[in-house]
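Undergrad: I am attaching a structure below and will ask some questions about it afterwards.
Any read-out appearing in this document is the output of simple, stated calculations on the displayed coordinates, not a laboratory observation. Computed from a predicted model, the values in this text were never measured in an experiment. Every residue, glycine among them, receives a Cβ derived from its backbone with ideal geometry; neighbour counts consider all protein chains shown.
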């Protein structure tokens, strides 16, 4: 729509000429500030160390049991990571030898770096696998290596690779041709009847990507319990006992699993000890006495935890970080959430505080260092995934609040400090989520408000009770009870993930700590473009952008709204059906070729039962889902057709077909170079379409508490959430609905023609899942809340509401209290999630023009926080256009 | 007023999540029509008592579809080339109920400012917002001047008050006493504007005498049981003299009340003047500076008032 609301929808309250700054100002500690400056100057860099040694070992062990080969390969990778310690670090170690280091994992997919070789790239393109990449742009600034410079090659417009490592990369990649998860999965997914339809669906970008080989793990909550309780040697003992029990008996798979875990842990132990040695070396050449003693202390700490459980809070935090990176190094992973770290670490921290070993200042310094470490995480995946879905974000969601095992509030003092460091040390990771419960203490919630107001985009506000209800409904059949439902947390961006309570024994006292107990969620049907499916319904199965037939004719004349809705249901179901089957095959390839070991070892109850997560070793396994994109654009389009075609009969459906093909008489977004509706320009023949466009724009829009369109929204939700249960995952569990768009609404919008709601071709869809389309919610947040909660959110794994609020609205003490009232009201209505950008839109426009000046500006985009300059332009345009609720 | 729900009036907006005009989170209802013509008025589209077209020239494509669509021939094209713009005979528009011009406009350069609504249907909208206000919130009537539509305001306030909704009003006070008096039992909170204490100066600033205003202020202070907070929009050079500050303070104290909320004057409404066909007459576009505001607050405090700046009013 246009920016009509900006000119008359507020009253005497245009924003001030001067850009309003955020209210709360806190500085990070000097140590954290130095580390952050170092981070700002670092570039995303690829190191081939790990994949080289991994692949080399894999080749050597040809013919051995796969899981043992995998363990040995991981071990070789870990052992050969060059240790690099930065001055001033309190927490050390990372994915690779570079500060923002990462590496490709050719065992998952080698097609991506083979792209350098023209022929292979074309092959891949033809098979439809890389289409999403062509329509995705990654932000120009920041730490992204967007262009090849000197002897550094730009890969995927994001990562830098040293020229001399290029041949290594290609050589390693070639070893995996026809053997990677991608290739094997692709080979067998073709056996699914209707596979051709799947290829057409991918080419038309009705579906964004396959998860099996791109991001097989993630969108889950890690579990740090075993290392914290037993230490590495302790876990090895557990495995040895397990081996003794099963060696030679039936169910021999358990034997290999235990053996593999031991091998893998030996690799991790060497990796830690290499760092310990490096710390001692650094100490030996350090002149500064203070730094020297810090290195020595670090060496001792690493040596200790390379075998033993942590002695104190600092040990625990370091060990937790090591295993976090350990998991990230076994697979391409986005959204490995640390979960409720403040509650996991609380027993250690409290003991140190009581003994006087730890104080507030020291805690803040450590927590800030933790923020920097999590921010350094990079994920190497294909361009379509990195830019189009993740916007460069790795989604390490840290949850605070919620309830304890006994049902009382879980919020604690350490979490207050986590919020505090979220303000003082603004970084995109870990992003924070408040698990809002009516039992949460007021001062805790107000601290959350203070942090939200600081404007870094976190914390998001998430409804504890709604999530528990969802989990009980969907995991009850696996034995989840109320008590265990309380252990949940957000995995990844916004996926409600099951957790369990683990008995941490400290000095003979048992502390029940929460942690994840299920494998990756969001590994089902990854992002279905609802508006694009509606487009194929209107054109009887054709993708009119490419002229290709996607679905067979639906056979409806589309003479009633019910027929239209039926047509949509038919095509949507077809897509879910075939994608579920092909996706199951890909994940089967993943678990067979590249079974998870680090993550499996951590997840209860893999160690107890001796099976990895691919063999359902974890306690809960109903994690596959169907993800939607463009909910509101779909619903607004249905409402427009219902009104203009079927009820008032202002236009025929044929007239709409013509208008859609002619983009309502406008130039396309590709021509204008902006993906925001605000910037679209009419072409010469607009007058032919002005009436139909205007009446489409005027049709009821979601977000205004208008029952006409809200009832269609509910119709969609009730049907969608229910129908997903009819499909079975690889683990033979029913699937469920997941409704977060992440960043897919940009690239998916780019390949979708104009929609009947008046949205123009190529422009971005609505974001989130219950957000209004930018500029169409004209009655303020209350009306938006009422629309958003017209259905029961606990039917779905999540819902997502993004709002932009001008700093002046929530200024001062009164502002804080009223802001909490607003959030509380939404939670009480049963809203699952709401998050805010507290930012002046003109500041964003300035940042677009002058990215260097705004290097540290953080914004909230569709479920996560990211540096503004690292966002793609489509998403930047969209954030600016989002409705801003402002007044002076 | 047998059936308050059928009583109707003209409003030009409803705004949820307002945080500066009364306790808690509130829903603001903007009523059309105002007896004053303040130079700095920030809601010029609220001045006329009837609905009117709002015309955003910068979005106009001059395709003139609206001219053809208008049944009253109320729209004409004036000027040529760069200077051309549409003119509206707004008296005619006040009789129009269809607003075909708005529907004909492709770019939304035209919009209908204001609409008729009954208390019944307005209340059903307000009711939806209740769950969002929290403990202290409610509604605030503003505008325009709410008491310029006394029957409508009375019926609305009574309906809400009886439904246990917290009620507040923002008034300029330039209306017959009876219009205010009848509503007082259904009101819990009043913001009352004092633009200038000197009658001549007041006329210059608002095109109206302040005699009735001051008289109404005294009467409210005497008979109103709720919270009464006076408001002074501080316009540099026009009403911030020592003399006016002193006489404002004297006046407030003489009514037996002591609360004053100073609002900084901004010029952000000036773009809306063009929309409603007015000319912005205030010279200079300077906002009241923070220093001036603090200075005025200190002065008022010295004179014995409880004085709050901008949104700092303790609710």
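Undergrad: Mind checking the mean number of beta-carbon atoms from other chains within 10 Å of the Cβ atoms in A:689-696?
TA: Details: counts 1, 7, 4, 0, 1, 8, 1, 0.
Averaged over the peptide's residues, the number is 3.
Undergrad: Another question, then. What list do you get for A:605, B:258, A:543, A:378 if you sort them by fewest beta carbons within 10 Å? Mind showing how you got there, number by number?
TA: Numbers: A:605 13, B:258 17, A:543 23, A:378 27.
Ascending number of Cβ neighbours within 10 Å: A:605, B:258, A:543, A:378.
Undergrad: Give the peptides B:159-169, A:593-603 in descending order of average Cβ contacts within 10 Å, highest first.
TA: Working: B:159-169: 19.2, A:593-603: 25.6.
Averaged packing, sorted descending, gives the order A:593-603, B:159-169.
Undergrad: Here's a follow-up. D for region A:357-488, whole µm²/s, Stokes-Einstein with Kirkwood Rh over alpha-carbon pairs at 37 °C and 0.692 mPa s: what number? Walk me through the numbers on the way to the answer.
TA: On the way: Rh = 16.2 Å.
In µm²/s, the coefficient rounds to 202.
Undergrad: A further question on this structure: Quick one: Cα centre-to-centre distance for region B:1-67 and region B:129-156, in angstrom?
TA: If you average the Cα positions of each part, the centres end up 14 Å apart.
Undergrad: Separate question: Report, as an integer, the average count of C-beta atoms from other chains found within 10 Å of each Cβ along B:48-61. Please report the intermediate quantities before stating the final value.
TA: On the way: counts 0, 0, 0, 0, 0, 0, 2, 0, 3, 0, 1, 4, 0, 4.
Mean number of neighbouring Cβ atoms from other chains: 1.
Undergrad: Please report how far the C-alpha centroid of region A:404-441 lies from that of region A:65-84, rounded to the nearest whole angstrom.
TA: Taking the Cα centre of each part, region A:404-441 and region A:65-84 sit 36 Å apart.
Undergrad: Of the listed peptides A:418-427, B:207-216, A:226-235, what is their order by residue-averaged count of other C-beta atoms within 10 Å, with the highest listed first? If you can, show how the numbers build up before the last one.
TA: Numbers: A:418-427: 24.2, B:207-216: 17.0, A:226-235: 19.6.
Answer by packing, highest mean first, reads A:418-427, A:226-235, B:207-216.
Undergrad: Mean shadow of region A:257-381, computed from the convex hull of its alpha carbons, in nm²? Could the numbers behind the result be given before it?
TA: Values: hull surface 37.0 nm².
Across all orientations, region A:257-381 yields a mean hull projection of 9.3 nm².
Undergrad: Just to be sure I understand: of the beta bridges DSSP finds with both ends in chain B, what percent are antiparallel, rounded to 5?
TA: 40 percent
Undergrad: Dividing the convex hull volume of the alpha carbon atoms of region A:525-800 by its residue count, what do you get in Å³ per residue?
TA: Values: hull volume 39.1 nm³, N = 276.
About 142 Å³ per residue, rounded to a whole number.
Undergrad: Pop out the Kirkwood hydrodynamic radius of region B:52-113 from its pairwise C-alpha distances, inverse of mean 1/r, in Å to one decimal. Show your work: numbers first, answer last.
TA: Numbers: mean 1/r = 0.0868 Å⁻¹.
That comes to 11.5 Å for region B:52-113.
Undergrad: Based solely on C-alpha atoms, express the radius of gyration and the Dmax of region A:207-273 in angstrom.
TA: Using the Cα atoms of region A:207-273, the pair Rg, Dmax is 15.7, 47 Å.
Undergrad: Okay, next question. Can you give the mean number of other chain Cβ atoms that lie within 10 Å of the Cβ atoms in peptide A:287-295? List each step's numbers first, then the result.
TA: Numbers: counts 0, 0, 0, 0, 0, 0, 0, 0, 0.
Mean number of neighbouring Cβ atoms from other chains: 0.
Undergrad: Next up: Could you work out the helix-only [θ] at 222 nm for the protein assembly as shown, with each DSSP H run of four or more residues adding -39,500 (n - 2.57) and the total divided by the number of residues, to the nearest 500 deg cm²/dmol?
TA: Working: 47 runs with 502 residues, N = 1203.
Computed mean residue ellipticity for the protein assembly as shown: -12500 deg cm²/dmol.
Undergrad: Across bins of 5 angstrom width beginning at 0, how are the C-alpha pair distances of region A:617-727 distributed, in whole percent?
TA: 2, 10, 16, 17, 16, 14, 10, 6, 4, 2, 2, 1, 0
Undergrad: If you take the beta carbon distance between residue B:164 and residue B:251 as r and set R0 to 35 Å, what does 1/(1 + (r/R0)^6) give as a FRET efficiency, to the nearest 0.05? Walk me through the intermediate numbers first.
TA: Working: r = 34 Å, r/R0 = 0.98.
Approximately 0.55, to the nearest 0.05.
Undergrad: Here is a further query. Using a Debye calculation, one point per C-alpha and no hydration shell, please list log10 I(q)/I(0) for region A:531-638 at q = 0.23 Å⁻¹ in order.
TA: -1.22
Undergrad: Got a sec? How would A:789, A:668, A:744 order by Cβ neighbour count within 10 Å, fewest to most? Display every interim value, and only then the final one.
TA: Numbers: A:789 20, A:668 17, A:744 30.
Taking fewest neighbouring Cβ atoms as first place, the list is A:668, A:789, A:744.
Undergrad: Here's another thing I want to ask about it. May I have the convex hull volume per residue, in Å³, for the Cα set of chain B?
TA: That works out to 141 Å³ per residue.
Undergrad: Please report the antiparallel percentage of the DSSP beta bridges confined to the protein assembly as shown, to the nearest 5. Before the final figure, lay out the partial values.
TA: On the way: 45 of 103 bridges.
Around 45 percent of the beta bridges assigned by DSSP in the protein assembly as shown are antiparallel ones.
Undergrad: Of all DSSP beta bridges located in region A:525-800, what percent are antiparallel, nearest 5?
TA: On the way: 4 of 10 bridges.
Once the DSSP bridges in region A:525-800 are tallied, antiparallel ones form about 40 percent.
Undergrad: What ranking do B:274-280, A:36-42 get when scored by the average of other Cβ atoms within 10 Å per residue, highest first?
TA: On the way: B:274-280: 17.0, A:36-42: 14.0.
Put in order of decreasing packing, that is B:274-280, A:36-42.
Undergrad: Another one. Could you please state, rounded to a whole Å, how far the C-alpha centre of region A:462-537 is from the C-alpha centre of region A:646-678?
TA: Their Cα centres are 40 Å away from one another.
Undergrad: Equivalent-ellipsoid semi-axes (√(5λ), Cα gyration tensor) for chain A, whole Å, largest first?
TA: On the way: eigenvalues 352, 197, 138 Å².
They are 42, 31, 26 Å, listed largest first.
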